Amino acid sequence: MKRLIWLGLLCTSMTAHAGEVYRWVGPSGITHYSDGMPPAGVQQAGRLPASKSSSAAPQEKPAVVLYAFACGPLCDDAKAWLNSNNIAYTLKDPQSDAEAATELKKLIGALEAPALKVGDRSFKGFDPNAWGQMLGDAGYTISKTTNKK
């Protein structure tokens with residue numbers, strides 16, 4: 001009886017660790033597989049389907065941060081696009097918040113807006129198609145990928 005209990009616990013623990021696996025091709029042409037999201041700018045990035053036998057709870061989506069200020073239509077379009085896709089995000093203004101300015105400079109190397117951060121990936125500028133890909137890779141559902149640039 002004890003053997004059956006231990007065997008059941010062992011099988012349960014093996015399936016509980018299954019999660020999402022990401023695949024991408026690095027700059028040198030090498031294919032990488034990881035449980036972390038691929039770095040920004042890599043080719044052929046995507047998620048592999050999760051194992052159907054996995055009993056693990058769904059993972060939370062990574063946080064979305066928009067760095068923007070009163071930069072005109074570009075920042076306005078970026079906010080509107082996120083709102084139209086029902087993406088919950090934190091808005092950080094690097095012009096009025098010194099900590100946000102430091103984060104943005106570290107993230108993209110400049111104080112330019114808009115910039116989007118999803119988990120550990122980031123994108124400088126507003127490109128609905130690139131943002132849609134990055135958010136889709138992170139598990140968000142995107143319905144509108146085109147908009148004014």
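The values are calculated or read from the model by the stated rules, or taken from the named source; none is laboratory data. Worth saying up front: this structure is predicted, and the values here are computed from it rather than measured. Ideal geometry is used to build each Cβ from the backbone, glycine not excepted, and the neighbour counts take in all protein chains shown.
For residues that are surrounded by 14 or more Cβ atoms within 10 Å (Cβ to Cβ) and assigned to a loop (DSSP other than H, G, I, E, B), scanning just the range 60-74, find the one that is farthest from the chain's Cα centre (by Cα). Explain how you work it out, then say what you get.
Step one: filter the range 60-74 for residues surrounded by 14 or more Cβ atoms within 10 Å (Cβ to Cβ), giving 61-62, 64-69, 71, 74.
Then keep just the ones that are assigned to a loop (DSSP other than H, G, I, E, B); that gives 61-62, 68-69, 71.
Numbers: Lys61: 7, Pro62: 6, Ala68: 18, Phe69: 22, Cys71: 24 Å.
The residue in question is Cys71.
Say whether the condition of being buried (at least 20 other Cβ atoms within 10 Å of the Cβ) and in a loop (DSSP other than H, G, I, E, B) is met by at least one residue in the range 95-107.
No; the residues of the range 95-107 include none that is buried (at least 20 other Cβ atoms within 10 Å of the Cβ) and in a loop (DSSP other than H, G, I, E, B).
If I ask for residues that are surrounded by fewer than 16 Cβ atoms within 10 Å (Cβ to Cβ) and at positive phi, which ones from the range 108-124 would you list?
Residue satisfying the conditions is Gly109 alone.
From Ala110, Ala115, which residue is modelled with pLDDT of 95 or more and either touching a Lys or Arg at 6+ places or on another chain (Cβ under 9 Å) or under 22 Å from Met37 (Cα atoms) (or both)? Break it down stepwise before answering.
On the way: Ala110 fails: modelled with pLDDT of 95 or more.
Selected residue: Ala115, the only one of Ala110, Ala115 that is modelled with pLDDT of 95 or more and either touching a Lys or Arg at 6+ places or on another chain (Cβ under 9 Å) or under 22 Å from Met37 (Cα atoms) (or both).
When the range 119-139 is examined, which residues are found to be in contact (Cβ under 8 Å) with a residue 60 or more places away in the chain and part of a strand (DSSP E or B)?
Arg121, Ser122, Phe123
Is there a residue being out of contact with any Asp or Glu (no Cβ under 7 Å at 6 or more places or on another chain), in a loop (DSSP other than H, G, I, E, B), surrounded by 14 or more Cβ atoms within 10 Å (Cβ to Cβ) and among the charged types (D, E, K, R) anywhere in the range 75-84?
no
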